[in-house]
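S.K.: Below is one structure. I have some questions about it.
What follows is calculated from the coordinates using simple rules that are stated; it is not laboratory data. If you're wondering where the values come from, they're calculated on a predicted model, not measured in any experiment. Cβ coordinates were reconstructed from backbone atoms using ideal geometry, including for glycine residues, and neighbour counts include every protein chain displayed.
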């Protein structure tokens, strides 16, 4: 097997324009490259290569991906064979690592977890066709405006009310208890330590990996909260070897090509926000699925685009989440804007009330740069209070300090200076002090982590 470090070196070294350029003639148009597609016959170039993203996409046949994916498709090679091809091209030595018994066991175990997750996904889909599933689950999806085509495409399902329907069916099909437990599909309960389903009496949303395999589930109850009884509106899969929450995004498998093509991603909060917007025709949309935004999730988005628009509810919780997201995206060097849905709506309900053209027009007009977004929130209380106004400007300057690129920082400093008629040198001093303070804090944190590992 190829060591992980070598695989990463190959992926980091291979440039999509150089790889594709070995097979077709690329012509520059702006910052990108174009050619007639090598996968289908055409006279007008529709094959788009985006060096800055490491991606290609054909508007004709809709093939797209990375340098590795191109070699796999064009030369009909497996993933490993494509890696070896690129290693030869870039003179990267591969020192094959013999797969140990432990390596083999881990690989087989992960495959078993993926297979039982796929089985569960198919089980939940079939349960949606039962009398109970149609009466409750399907009726709910239809009430939320989802079509049968959308329900089928995204694999939505129903977990029956029985506490052991899935576990009984899976064991009868030959799946082992350990894999049902490891994936979090089932759990053991006292007093007899018997196996019961984790998901029951709920509608189910499967979560896919970047390669399109089912790795986890989110499930929503349709019952109302009752006094004195435990209540969880959503139940999600626990983390496992195939599912790490902070490195997963709902909808990424369906959205990634459009994210690369549009060079933009809309980030929303929930499953239904993604589904309703995709159904409407805006498919470069993903969700953090009820978890706080993480650096791992930002890294997934960054693989396809540098541009993200945060689209959260207009209530206080949504505003707070948007403010936190702005800082995180800026620290990763990304370009971030914000759209707040009118109060009382969310992306799901808003997209169901309006046509595609109306939603696109709204998004184009409502998008705000982070400086405008923050100032619009804070200026309401600062018009007649100079101290609060100063605090607001300092807050925005501290956000600008998160931007790693010096040129971008400089542009935003000019913008902030003009907007609030503050001397640039004063803003530069504030931003410089903030960056120095954060660098010291980061160094201390790194030193503490190093000491912890050594001990």
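S.K.: With a Förster radius of 60 Å, plug the Cβ-Cβ distance of residue 423 and residue 162 into 1/(1 + (r/R0)^6) and report the FRET value to the nearest 0.05.
M.R.: E between residue 423 and residue 162, to the nearest 0.05, is 0.30.
S.K.: Whole-Å semi-axes of the chain's equivalent ellipsoid, largest first, each the root of 5 times a Cα gyration tensor eigenvalue?
M.R.: The equivalent ellipsoid of the chain has semi-axes of 38, 32, 25 Å.
S.K.: Ok, one more. Please report the antiparallel percentage of DSSP beta bridges with both residues in the chain, rounded to the nearest 5.
M.R.: 75
S.K.: Is the shape of the stretch 251-379 best called rounded, prolate or oblate, per the rule: a/c under 1.5 gives rounded, else a/b larger than b/c gives prolate, else oblate, with a ≥ b ≥ c the square roots of the Cα gyration tensor eigenvalues?
M.R.: It comes out rounded by the Cα gyration axes.
S.K.: Modelled label-to-label distance, residue 43 and residue 388, 7 Å Cα→beta-carbon offset: nm?
M.R.: Between residue 43 and residue 388, the label points sit 6.6 nm apart.
S.K.: Relative contact order (percent) for the chain, with alpha-carbon contacts under 8 angstrom and 6 or more residues of separation?
M.R.: Details: 644 pairs, mean separation 37.4, N = 455.
Reported relative contact order: 8 percent.
S.K.: For the stretch 108-243, what Kirkwood radius comes out of the mean inverse Cα-Cα distance, in Å?
M.R.: Evaluated on the stretch 108-243, it is 15.3 Å.
S.K.: Using the beta-carbon distance between residue 25 and residue 188 and R0 = 56 Å, what value does 1/(1 + (r/R0)^6) give for FRET efficiency, to the nearest 0.05?
M.R.: Given R0 = 56 Å and the Cβ-Cβ separation, E is 0.35.
S.K.: According to a simple spin-label model (label point 7 Å from Cα along Cα-to-Cβ), what is the distance in nm between residue 196 and residue 178?
M.R.: 2.5
S.K.: Among rounded, prolate and oblate, which fits the stretch 1-128 when a ≥ b ≥ c are the square roots of the eigenvalues of its C-alpha gyration tensor, a/c under 1.5 means rounded, and a/b larger than b/c means prolate?
M.R.: oblate
S.K.: Averaging sequence separations of C-alpha pairs under 8 Å and six or more residues apart, then dividing by the length of the stretch 378-454, give the relative contact order as a whole percent.
M.R.: 24
S.K.: If you don't mind, another one. Full extension from residue 448 to residue 9: what is 0.36 nm times the residue separation minus their Cα-Cα distance, to one decimal in nm?
M.R.: In short, 155.1 nm is gained.
S.K.: Let me ask something else about it. Using only Cα atoms, locate the centre of the stretch 387-455 and the centre of the stretch 295-311, then give the distance between them in Å, rounded to an integer.
M.R.: Rounded to whole Å, the Cα centres lie 22 Å apart.
S.K.: While we're on this one: Could you give the length gained on full extension between residue 225 and residue 292, defined as 0.36 nm per residue of separation minus the Cα-Cα distance, in nm? The partial results should precede the final answer.
M.R.: Working: separation 67, 0.36 × 67 = 24.12 nm, distance 2.38 nm.
Between residue 225 and residue 292, full extension yields 21.7 nm more.
S.K.: Going by the alpha-carbon gyration tensor, a ≥ b ≥ c the square roots of its eigenvalues, is the stretch 334-455 rounded (a/c under 1.5) or, if a/c is not under 1.5, prolate (a/b greater than b/c) versus oblate? Don't skip to the end; give the middle numbers.
M.R.: Values: a/c = 2.32, a/b = 1.43, b/c = 1.63.
Taking the square roots of the gyration eigenvalues as a ≥ b ≥ c, the stretch 334-455 is oblate.
S.K.: Can I ask one more? Just need the relative contact order of the stretch 99-186 here, percent rounded to a whole number, with Cα pairs under 8 Å and 6+ apart.
M.R.: Relative contact order here is 39 percent.
S.K.: Cα centroid distance between the stretch 159-210 and the stretch 124-141, in Å?
M.R.: Cα centroid to Cα centroid, the span is 18 Å.
S.K.: For residue 438 and residue 92, FRET efficiency with R0 = 35 Å and r from the beta-carbon atoms, rounded to 0.05? Please report the intermediate quantities before stating the final value.
M.R.: Numbers: r = 36 Å, r/R0 = 1.03.
Approximately 0.45, to the nearest 0.05.
S.K.: Starting from the Cα-Cα distance between residue 364 and residue 320, subtract it from 0.36 nm times their residue separation and give me the gain in nm to one decimal. Before the final figure, lay out each step's value.
M.R.: Numbers: separation 44, 0.36 × 44 = 15.84 nm, distance 2.22 nm.
Residue separation times 0.36 nm, minus the Cα-Cα distance, leaves 13.6 nm.
S.K.: Helix-only mean residue ellipticity at 222 nm, the chain, DSSP H runs n ≥ 4 weighted -39,500 (n - 2.57), per residue, nearest 500. What is it?
M.R.: -15000 deg cm²/dmol
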